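Participant: My questions all concern the structure below.
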Amino acid sequence: MVVPWLVKTLLVIPPWLQKKYPQLQWRIPTKKKILFLTFDDGPCPEHTPFVLHLLRAYQAKATFFLVGKQIEKYPDLVRLILQNGHAIGNHTYSHKDAWRTPLKTYLNEVFITETLLKPFLPKQYPLLFRPPYGHWKKTLICSLKDRYQIVLWEVLAGDFAKKLSLTQCLKILLQYTRPGSIVVFHDSIRHGNRMRYLLSNAIQHWSQQGYRFCSLWNGY
Ligand SMILES: [Zn+2]
């Protein structure tokens, strides 16, 4: 059993750390009961339709950070995400780790994915980027910050952390989300089953608490 403080440290970005890097978006400053749910690594035919269906049931809008490889394989799912009123962003072509990849290769992945996304993107919205694993370097931020809104998060759902029990993850998720939190789930085969459990339970709870759910493109 992983101790609760460690679970919290893994899943929640504290305000002091957010303040240290103001060029990255960790949350949306608001006092209104709004949450910004985000789904990384998709689209994937096994789980994206489930997520879209559940979001529709709660009239929720969200943001999907898509991987170029998956966009190539499942363009119809990208269209479906947009038809449902959600936002989409760039998550590199093959889920590259900025700490292990030369900058040039990494940026190339970002721009290939941008080219793949372009036919789908409505022009009036900002380009969104989330670095896989939340790993970034100063040079990377410098290269992308004028072109992209770089989105990190305030709370991770913990669907990816198989060593943590779902009960622990759900508890932290409900305890630490607050008005304006950006929350991460994973829309992928690897983490989909845990994501389904956490999302279904959390969205029901938040909705009962009076929260609304907006995408990073919505007026909020
Ligand atoms: Zn990812």
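The values are calculated or read from the model by the stated rules, or taken from the named source; none is laboratory data. In this text, all values refer to a predicted model and were calculated from it rather than measured experimentally. Quick reminder, even Gly has a Cβ in these numbers, built from the backbone with ideal geometry, and neighbours come from all protein chains shown.
Participant: Give the residues of segment 73-89 that are under 17 Å from the mean Cα position of the chain (by Cα) and within 15 Å of Pro119 (Cβ to Cβ), sorted by residue number.
Facilitator: Residues satisfying the conditions are Leu77, Val78, Ile81, Leu82, Ile88.
Participant: Go through (1) in contact with a strand residue (DSSP E or B) (Cβ under 9 Å, 6 or more places away or on another chain); (2) farther than 25 Å from Leu164 by Cα one by one and return the number of the condition Val12 breaks.
Facilitator: Condition not satisfied by Val12: (2).
Participant: Give just the number: which of (1) touching a residue at least 24 places away in the same chain (Cβ under 8 Å); (2) of a type in the set (Lys, Arg); (3) more than 16 Å from the ligand (Cβ to nearest atom) does Lys96 not satisfy?
Facilitator: All conditions pass for Lys96, except number (3).
Participant: Identify, please: which residue in segment 130-155 is touching a residue at least 60 places away in the same chain (Cβ under 8 Å) and among the aromatic types (Phe, Trp, Tyr) and is, among those, nearest to the ligand (Cβ to nearest atom)?
Facilitator: Trp153
Participant: Being acidic (Asp, Glu), within 16 Å of the ligand (Cβ to nearest atom) and either touching a residue at least 12 places away in the same chain (Cβ under 8 Å) or surrounded by 14 or more Cβ atoms within 10 Å (Cβ to Cβ) (or both), is that true of even one residue in segment 72-92? Lay out the reasoning, then the answer.
Facilitator: Let us first name the residues in segment 72-92 that are acidic (Asp, Glu), namely 72, 76.
Subset that is within 16 Å of the ligand (Cβ to nearest atom): none.
No, that holds for no residue.
Participant: Just to be sure, is Gln25 at pLDDT 95 or above, of a type outside the set (Lys, Arg) and crowded, with 23+ Cβ neighbours inside 10 Å? Steps first, answer last, please.
Facilitator: Working: at pLDDT 95 or above: yes; of a type outside the set (Lys, Arg): yes; crowded, with 23+ Cβ neighbours inside 10 Å: no.
Criteria not met by Gln25.
Participant: Just to be sure, is Arg190 charged (D, E, K, R) and either in a helix (DSSP H, G or I) or more than 16 Å from the ligand (Cβ to nearest atom) (or both)? Steps first, please.
Facilitator: Numbers: charged (D, E, K, R): yes; either in a helix (DSSP H, G or I) or more than 16 Å from the ligand (Cβ to nearest atom) (or both): no.
So Arg190 fails the test.
Participant: Right, something else. Just give me the residues in segment 171-220 being buried (at least 20 other Cβ atoms within 10 Å of the Cβ), more than 17 Å from Lys31 (Cα to Cα) and polar (S, T, N, Q), in sequence order.
Facilitator: If the condition is that a residue be buried (at least 20 other Cβ atoms within 10 Å of the Cβ), more than 17 Å from Lys31 (Cα to Cα) and polar (S, T, N, Q), then Ser188 is the only one that fits.
Participant: Just wondering, is there one or more residues in segment 108-123 that are free of Cβ contacts under 8 Å to residues at least 40 places away in the same chain, more than 16 Å from the ligand (Cβ to nearest atom) and of a type in the set (Phe, Trp, Tyr)?
Facilitator: Checked segment 108-123: at least one residue is free of Cβ contacts under 8 Å to residues at least 40 places away in the same chain, more than 16 Å from the ligand (Cβ to nearest atom) and of a type in the set (Phe, Trp, Tyr).
Participant: Right, something else. I'd like the full set of residues that are of a type in the set (S, T, N, Q), more than 13 Å from the chain's Cα centre (by Cα) and within 16 Å of the ligand (Cβ to nearest atom), limited to segment 29-71. Even if it seems obvious, please write down each step before you answer.
Facilitator: Going through segment 29-71, the residues of a type in the set (S, T, N, Q) turn out to be 30, 38, 48, 59, 63, 70.
Remaining after also requiring more than 13 Å from the chain's Cα centre (by Cα): 30, 48, 59, 70.
Across segment 29-71, the qualifying residues are Thr48, Gln70.
Participant: Then there's this: What number of residues within segment 104-155 are in a helix (DSSP H, G or I) and over 23 Å from Leu35 (Cβ atoms)?
Facilitator: 21
Participant: Could you pull out the residue among Ile112, Ile150 that is under 21 Å from Trp217 (Cβ atoms) and surrounded by 17 or more Cβ atoms within 10 Å (Cβ to Cβ)? It would help to see each step written out before you state the result.
Facilitator: On the way: Ile112 fails: under 21 Å from Trp217 (Cβ atoms).
Being under 21 Å from Trp217 (Cβ atoms) and surrounded by 17 or more Cβ atoms within 10 Å (Cβ to Cβ) holds for just one of Ile112, Ile150, which is Ile150.
Participant: Mind checking which residues of segment 1-24 are closer than 21 Å to Gly180 by Cα and in a helix (DSSP H, G or I)? It would help to see each step written out before you state the result.
Facilitator: Going through segment 1-24, the residues closer than 21 Å to Gly180 by Cα turn out to be 8-24.
Lys8, Thr9, Leu10, Leu11, Pro15, Trp16, Leu17, Gln18, Lys19, Lys20 - these are the residues of segment 1-24 that are closer than 21 Å to Gly180 by Cα and in a helix (DSSP H, G or I).
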